[in-house]
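Inspection log for the structure reproduced underneath, given as structure tokens.
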Amino acid sequence: MRALAAALLALAVLAAPAQADSIIVSAGTSSFDPGKLDVLVGDTVIWRNNSTKTHNVKAETAGYNSGRFGPRTAVNHVFATAGVYPYVCTIHDGMTGDVGVYPLLLGGPRRPVQPGASVALHVRGPESAGEVTIEADTGSGYQPVAVAGPPEGGGHDGHVEPGTLHANVVATQTATYRAVSAAGASQQLRVEVSAGPALALATTSRAGRAVIDVRARPASPRSRVVLQLRLRERFGWWPVARARLDRRSRAQFTVRGHRGVPARVVSVGADWATVLSRSRVLKLTSRG
Amino acid sequence: MLLAAASATPAEAAVRHEWVAAVPRTWNIVPNGRDGIMGTTYDPAQTVFPTVVYRRFTENWRRPLRNAPVASVDHNMIPGPLLHARVGDRLRIHFKNRDPNAPHSMHFHGVHYRPGSDGSYIPGFSGRGGNVKPGQTFTYRLNAGRDSAGVWPYHDHSPSMHESLAGGLWGALSIRGRRERRPDREFVTVFAAMQDFQTINGRAFVGNTPIYRARVGDRVQWDVLAIGDEHHTFHVHGHRWRTAAGVPEDTRTLGPAESFRVSWREDAPGTWLYHCHVEQHMAKGMIGIYRVSPR
């Protein structure tokens with residue numbers, strides 16, 4: 001595939017069996033979190049009841065029925081066979097989830113990456129999986145783009161995590177990835193390539209207010225940018241001001257108060273909400 | 001707001017002029033992208049939609065204004081302008097339809113008017129006020145009678161009514177008695193289903209829904225309204241109020257287009273929840289926080 005260039009060419013097989021993992025799902029008042037979960041064959045899923053209500057977990061196609069479990073207790077199940085297993089709490093209508101069980105598990109970035117970025121992917125799987133190929137689909141079907149192998153230099157601090165392989169790919173556009181071996185295919189992993197420019201921030205203080213200067217590269221005049229503050233009472237990132245970049249692809253925001261509050265600028269689409277790219281996070285330093 | 005007649009004392013009736021337009025707007029129901037209590041995240045594709053809202057303007061729709069003070073509604077646009085009057089006042093609501101795609105109107109609950117100012121569409125009977133075409137204007141002539149004291153909804157009742165009500169083309173009319181004292185804080189709380197969410201003032205989940213604020217000692221008034229097809233139960237944690245019969249309560253039910261106001265002297269500092277107590281509504285976003293600071 002021309003759009004994606006393989007960066008790692010080492011041929012390898014999984015060197016050691018993957019260690020079975022345990023993944024926790026929180027059972028809330030009326031929902032499971034996360035509702036959808038992907039695990040490796042042999043992994044254990046633990047449902048922990050973090051609500052004040054009694055729940056159960058019934059996964060008919062997995063042949064599992066936990067029975068009732070109360071607040072602050074947990075139940076678990078080992079998924080030994082690949083497949084997708086929907087489950088429900090039969091006590092609470094609409095309280096559902098899915099466990100996807102795969103012979104390989106592919107991990108990668110959860111946030112959009114810049115065009116041309118080198119993206120690190122990692123694969124968990126059993127020794128019997130053999131050679132593992134990374135494939136990508138940008139809309140015209142899967143094509144091999146890399147072969148996963150042990151990390152160069154033995155990984156961080158020279159340590160190789162048993163049963164884990166790595167690959168780097170250069171992402172030029174949004175694609176769906178999967179890992180494939182003789183054992184089968186992993187789940188699909190979508191890596192979004194940001195459609196927005198890189199945003200550089202510079203801050204100064206003027207008359208007790210924080211002034212944030214925004215510069216976009218490549219040039220993106222008239223693009224939409226939004227200043228967000230991470231506010232405790234807003235429970236996350238909150239849009240406080242919006243602007244269009246000028247002819248020099250710059251914008252300026254002035255903020256009064258909020259000393260010490262994390263701030264960032266995002267470029268957004270026409271709806272002023274879909275995030276295309278994000279700046280680094282800085283802390284406001286002015287006194288209000 | 002312009003007062004054509006002097007209203008220096010509460011006893012003097014006034015003619016109140018308001019300039020309102022229906023304007024297209026892109027609306028985000030969950031700006032922070034998450035349910036802060038359950039941790040569920042939402043993509044803008046699920047929460048952003050095009051709609052039409054009421055917006056307050058200066059005379060002759062020259063310049064847009066805030067629909068209501070930040071302290072009353074938190075954000076702008078939904079609900080529409082918070083309209084105030086006193087019993088005995090006459091209201092002249094000058095409406096302009098700036099939506100190029102559909103007719104709209106304003107239909108008011110709780111006040112007196114002739115059929116021409118009803119603002120609802122009856123083919124062959126209603127006048128222009130029930131079907132204000134794109135770019136056209138109409139002035140509704142209303143009177144606040146002795147039985148008008150309280151809080152009331154207003155909304156589009158044109159042929160576009162059903163889409164408009166689902167999209168937030170509604171607001172609140174707050175009418176006080178002739179000598180009634182103004183509260184220190186007035187909070188407008190409108191329950192309505194919107195897209196796949198249950199919203200308060202068009203927003204869902206804590207942090208997105210209005211953050212109301214008061215200080216200990218403040219006289220606070222909650223204007224509570226429901227729009228849509230469902231019943232809701234208004235509940236504020238850590239507080240109680242009394243019914244007209246003197247019975248204390250902390251939860252009150254209201255159905256489609258019903259409204260009420262409750263008030264109390266604030267004495268409970270802290271951060272409190274307020275929400276609809278229909279649990280499915282609460283889980284779909286009909287919940288917010290109320291912050292009371294010490295005096």
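The values are calculated or read from the model by the stated rules, or taken from the named source; none is laboratory data. Predicted model, so just to flag it, every value in this text is computed and none were measured. All Cβ positions, even for glycine, are placed from backbone atoms using ideal geometry, and neighbour counts span all protein chains on display. Protein only, heavy atoms only, side chains kept; ligands, DNA and RNA dropped before computing areas. Shrake-Rupley method; radii C 1.70, N 1.55, O 1.52, S 1.80 Å.
Of all residues in region B:153-190, those satisfying the criterion of being open to solvent by 50 Å² or more (accessible area, probe 1.4 Å), basic (K, R) and in contact (Cβ under 8 Å) with a residue 40 or more places away in the chain are B:R178, B:R179, B:R185.
Looking at B:F205, B:F197, B:F234 in this structure, which one is crowded, with 18+ Cβ neighbours inside 10 Å and on the phi > 0 side of the Ramachandran plot?
B:F205
Of all the listed residues (B:R90, B:R25, B:R55, B:R63), the sole one being within 14 Å of another protein chain (Cβ to nearest Cβ) and either modelled with pLDDT under 95 or open to solvent by 30 Å² or more (accessible area, probe 1.4 Å) (or both) is B:R25. Can you find a residue that is within 14 Å of chain B (Cβ to nearest Cβ), among the polar types (S, T, N, Q), in a loop (DSSP other than H, G, I, E, B) and surrounded by 16 or more Cβ atoms within 10 Å (Cβ to Cβ) anywhere in region A:236-256? The answer is no; no qualifying residue exists. Pairing residues of region A:259-277 that are under 15 Å from A:G236 (Cα atoms) with residues that are crowded, with 17+ Cβ neighbours inside 10 Å and among the polar types (S, T, N, Q), at Cβ distances under 6 Å and at least 6 apart in sequence or on separate chains, gives A:R264/A:Q228; A:R264/A:S279; A:V265/A:S279; A:A273/B:N28.
Residues of region B:39-47 include none that is more than 10 Å from chain A (Cβ to nearest Cβ), crowded, with 20+ Cβ neighbours inside 10 Å and among the β-branched types (V, I, T).
Does B:T243 count as touching an Asp or Glu at 6+ places or on another chain (Cβ under 8 Å) and either under 27 Å from B:D196 (Cβ atoms) or at pLDDT below 95 (or both)? For B:T243, the condition - touching an Asp or Glu at 6+ places or on another chain (Cβ under 8 Å) and either under 27 Å from B:D196 (Cβ atoms) or at pLDDT below 95 (or both) - is met. Across region A:39-55, a minimum of one residue is classified as polar (S, T, N, Q), surrounded by fewer than 17 Cβ atoms within 10 Å (Cβ to Cβ), in a loop (DSSP other than H, G, I, E, B) and modelled with pLDDT of 95 or more. Counting only residues that are assigned to a loop (DSSP other than H, G, I, E, B) and of a type in the set (V, I, T), region B:36-67 holds 3 of them. Restricting attention to region B:183-204, the residues that are assigned to a loop (DSSP other than H, G, I, E, B) and touching a strand residue (DSSP E or B) at 6+ places or on another chain (Cβ under 7 Å) add up to 6. One residue stands out in region A:257-277 among those that are more than 10 Å from every other protein chain (Cβ to nearest Cβ) and more than 13 Å from A:P197 (Cα to Cα): the one that is most open to solvent (accessible area, probe 1.4 Å), namely A:R259. Scanning region B:68-82 for residues that are at pLDDT below 95, open to solvent by 30 Å² or more (accessible area, probe 1.4 Å), charged (D, E, K, R) and part of a loop (DSSP other than H, G, I, E, B) turns up nothing.
Over 24 Å from B:E186 (Cβ atoms) and among the aromatic types (F, W, Y): which single residue out of B:Y121, B:Y140, B:Y54 fits that description?
Criteria check complete, one pass: B:Y121.
Selection of region A:257-288 for residues being closer than 18 Å to A:P218 by Cβ and among the hydroxyl-bearing types (S, T, Y) yields A:S267, A:S277, A:S279. What tally of residues in region B:119-149 results from selecting those that are open to solvent by 10 Å² or more (accessible area, probe 1.4 Å) and either farther than 18 Å from B:S174 by Cα or part of a strand (DSSP E or B) (or both)? Looking only at that region, the number is 19. Among the residues of region B:216-227, is there at least one that is open to solvent by 10 Å² or more (accessible area, probe 1.4 Å), within 14 Å of chain A (Cβ to nearest Cβ) and of a type in the set (D, E)? No, region B:216-227 contains no residue that is open to solvent by 10 Å² or more (accessible area, probe 1.4 Å), within 14 Å of chain A (Cβ to nearest Cβ) and of a type in the set (D, E). Reported count of residues in region B:242-255, each being of a type in the set (D, E) and open to solvent by 50 Å² or more (accessible area, probe 1.4 Å), is 1.
Report, by residue number, each residue of region A:172-201 that is open to solvent by 50 Å² or more (accessible area, probe 1.4 Å), closer than 30 Å to A:A241 by Cα and aliphatic (A, V, I, L, M).
Restricting attention to region A:172-201, the residues satisfying the condition of being open to solvent by 50 Å² or more (accessible area, probe 1.4 Å) are A:172-173, A:178, A:182, A:188, A:190, A:192, A:195, A:200.
So of that shortlist, the ones also closer than 30 Å to A:A241 by Cα come out as A:173, A:192, A:195, A:200.
Within region A:172-201, A:A195, A:A200 qualify.
Within region A:109-142, being of a type in the set (S, T, N, Q) and either farther than 14 Å from A:Q173 by Cα or assigned to a loop (DSSP other than H, G, I, E, B) (or both) holds for A:Q114, A:S128, A:T133, A:T138, A:S140. Annotation for region B:256-267: at least one member residue is open to solvent by 30 Å² or more (accessible area, probe 1.4 Å), among the hydroxyl-bearing types (S, T, Y) and touching a residue at least 12 places away in the same chain (Cβ under 8 Å). Checking each residue in region A:214-235 for being part of a strand (DSSP E or B) and either away from every other protein chain (no Cβ under 14 Å) or open to solvent by 30 Å² or more (accessible area, probe 1.4 Å) (or both) picks out A:V214, A:R215, A:A216, A:R217, A:R224, A:V225, A:R230. Restricting A:V25, A:V88, A:V113 to residues that are at pLDDT below 95 and either touching a Ser or Thr at 6+ places or on another chain (Cβ under 8 Å) or crowded, with 17+ Cβ neighbours inside 10 Å (or both) narrows the list to A:V113.
Only one of A:A195, A:A182, A:A175 is touching a helix residue (DSSP H, G or I) at 6+ places or on another chain (Cβ under 7 Å), in contact (Cβ under 8 Å) with a residue 24 or more places away in the chain and at negative phi; which?
Just a single option satisfies the conditions, and that option is A:A182.
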